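Okay, structure first, notes after.
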Amino acid sequence: MKPSISILHPGFYTTVQDNGREGYALLGVPQSGAMDKHAFMIANAILNNTPGAAMLECTLLGPTIVFNHDINFVITGSNAGATLDGAQVMEGVPVLAKAKQVLKMSKISGGSRSYLAFAGGLYSQNILGSKSWYYPLTPQGKLSVGMELPLGISRYGASKNAHLKMQSQSGVINSSMATIKVYRGPEFSKLTYNQQQQLSNHVFTVSNLWNRMAIQLVEILPNALKSIYTSPVIPGTVQLTPSGKLIILMNDCQTTGGYPRVLQVVDSDLNKLAQMQQGSQFLLCVT
Amino acid sequence: MCQYDFHICRLGDYSLLIQIDSTPSKDLLNWLLIKKGDLSKLFNAEVVHTYNELLLKDCISITTNIDSLINQVSALLNVRVSNNDCNGVVHQIPVCYSSLYTPDLEEYALQVKRTIPEIIKIHTNREYPIYFLGFLPGFPYLENLDARLHLDRKSVPSRSIARGSVAIGGTQTGIYPQDSPGGWHVIGRTPISLFDATKAKPSLFNAGDTITFYAINEREYEKIAMSNNL
């Protein structure tokens, strides 16, 4: 029997993610891929997986799964309060699960996303060069009860003496107020001096509209900017709508947009944004 | 022969954005398509273009000398284009303009003050060049909609516009390749599949192609839809 896992409870919003799709933006296909790339890379490194091996990205509430085979796994990113047949599972430490054991993840704390990776990676069909789920491009949009996900061939153990030392786990924020570094966007110069000042060194709050496509902020920046000709956007592009809403585009964003692009988030700080949720606050810092 | 002024800046840590100092036009589209091909060949990078911008994706790494990269890009863009004709494919797309598939058609007809046969005649009477794909996988940005059919987008977007819907938003017409929320007025539906992610060439359309529409009735629609599913 090929190694696999079965889903007993899907969690709040759990998807399969890898490094995402490259080469199809010109057809309007979103990039997708793991939101917190740091937590994603660490999980694969710990299990000696290939760097882009697919895993589960869990949001707010993790899934409950049963192993159909003896499998090494690891959880990275935010704390998921996981137990394996009742025994506590530490984040960042690989664990060997025996066949029929049940891994239960609970409410995610310290951030909004945890990553559950398996030695050998999740093995599913590549669609346009990626295993990342994005409905309806891929047949599934999120995990559901009863799904069985096959796993790939594991090389775990091939480098037994490997040792991973790290200062922080991921984009998980430990200090009271995170700083998000941003560049000036293509339309930044069209803002007035005052508006430019309001975007730098001010505190912003994540609204209830946050998902894999975008994070909308609570604070409003009144403006009279004209809409632009529909133009390219990428994850990290910050759009300003006519009503003053600031929208930070994330991994599943469209490839083009017509709102002025006032800022662009420094790539490595997207990992911090990936761990935020409604009510999270941060300082914007224009570099 | 044509030449455009442009401005190059970075977009994020890894990409370059080229902004062309010109309003959108068919000539600019042809120029963009030629330059896009040259850029992706030279830098082995993914290039996304829109009405008047080019995005050179992930062309910057930590070892890149930015100034020399920008000089290289500028030199390439300054090479004069001699043959400015791109021969795209012409797609003839069947559309059923029937209220069976279009909850918006009658309301739209009232608002533009045209009868439904008039709308069909005007909409099928033009060639629409595809400027680029965006918004959804395989969604074509089309130009050249007759001014008599222009109508501002709905103030409240529809929750779900069905796959294949042919719609009008502002001065543009377009086709939804998949179910999606949207603020455009749906005037018809095509039974043709526009995007299939399992195919080597997933998109029926490419930038530079041209679309024309022709009207079919409900029976013809069902017949084509059936044969697609086989």
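The values are calculated or read from the model by the stated rules, or taken from the named source; none is laboratory data. All figures in this text were calculated on a predicted structure; none of them were measured in a lab. Methodologically, a virtual Cβ is constructed for each residue, glycine included, from the backbone with ideal geometry; neighbour enumeration extends over all protein chains shown. For the accessible areas, the whole protein counts, side chains as well, though only heavy atoms, and no ligand, DNA or RNA atoms are used. Shrake-Rupley method; radii C 1.70, N 1.55, O 1.52, S 1.80 Å.
Annotations for the structure displayed:
- Taken over the range B:185-204, the criterion of being crowded, with 17+ Cβ neighbours inside 10 Å and within 9 Å of another protein chain (Cβ to nearest Cβ) is satisfied by B:Phe195, B:Ala197, B:Pro202, B:Ser203.
- Odd one out for B:Ser25 among (1) surrounded by fewer than 18 Cβ atoms within 10 Å (Cβ to Cβ); (2) facing chain A (nearest Cβ under 9 Å); (3) of a type outside the set (A, V, I, L, M): (2)
- So A:Met250, is it under 22 Å from A:Ala178 (Cα atoms) and open to solvent by less than 10 Å² (accessible area, probe 1.4 Å): yes
- Leading residue by the ranking (nearest to A:Cys253 (Cα to Cα)) among those in the range A:1-28 that are away from every other protein chain (no Cβ under 14 Å) and small (Gly, Ala, Ser): A:Gly11
- The set of residues in the range A:29-45 being open to solvent by less than 30 Å² (accessible area, probe 1.4 Å), among the hydrophobic types (A, V, I, L, M, F, W, C) and more than 14 Å from chain B (Cβ to nearest Cβ) consists of A:Ala34, A:Met35, A:Ala39, A:Phe40, A:Ile42, A:Ala43.
Yes or no, residue by residue, for (1) within 21 Å of A:Pro260 (Cα to Cα); (2) in contact with an Asp or Glu (Cβ under 9 Å, 6 or more places away or on another chain); (3) at pLDDT 95 or above:
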{"residue": "B:Pro24", "(1), (2), (3)": "yes, yes, no"}
{"residue": "B:Leu39", "(1), (2), (3)": "no, no, yes"}
{"residue": "B:Ser61", "(1), (2), (3)": "no, no, no"}
{"residue": "B:Ile70", "(1), (2), (3)": "no, no, yes"}
{"residue": "B:Val81", "(1), (2), (3)": "no, no, no"}
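- Number of positions in the range B:146-172 that are out of contact with any helix residue (DSSP H, G or I) (no Cβ under 7 Å at 6 or more places or on another chain), away from every other protein chain (no Cβ under 14 Å) and open to solvent by less than 10 Å² (accessible area, probe 1.4 Å): 3
- Residue list for the range A:198-231, filter: assigned to a strand (DSSP E or B), within 25 Å of A:Asp252 (Cα to Cα) and of a type outside the set (A, V, I, L, M, F, W, C): A:Thr205, A:Ser207, A:Asn208, A:Gln216, A:Glu219, A:Ser231
- Residue tally, condition within 12 Å of chain A (Cβ to nearest Cβ) and either without any contact (Cβ under 8 Å) to a residue 12 or more places away in the chain or aromatic (Phe, Trp, Tyr) (or both), over the range B:205-220: 1
- Against the list (1) among the polar types (S, T, N, Q); (2) within 17 Å of the chain's Cα centre (by Cα); (3) outside any loop (DSSP other than H, G, I, E, B), the condition B:Ser160 fails is (2).
- Residue in the range A:243-262 that is away from every other protein chain (no Cβ under 14 Å) and among the polar types (S, T, N, Q) present: no
- Subset of the range B:1-22 that is outside any loop (DSSP other than H, G, I, E, B) and away from chain A (no Cβ under 12 Å) - its residue that is least open to solvent (accessible area, probe 1.4 Å): B:Cys2
- Residues satisfying the criterion are present in the range B:63-70 (criterion: within 14 Å of chain A (Cβ to nearest Cβ) and outside any loop (DSSP other than H, G, I, E, B)).
- Meets criteria (open to solvent by 40 Å² or more (accessible area, probe 1.4 Å), among the small types (Gly, Ala, Ser) and at pLDDT 95 or above) for A:Gly146: yes
- Single condition B:Arg153 does not satisfy, out of (1) in contact (Cβ under 8 Å) with a residue 40 or more places away in the chain; (2) touching a Gly at 6+ places or on another chain (Cβ under 7 Å): (1)
Results for (1) out of contact with any Gly (no Cβ under 7 Å at 6 or more places or on another chain); (2) open to solvent by 20 Å² or more (accessible area, probe 1.4 Å), shown as yes or no for each residue.
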| residue | (1), (2) |
| --- | --- |
| B:Leu56 | yes, no |
| B:Ala75 | yes, yes |
| B:Gly88 | no, yes |
| B:Gly134 | no, no |
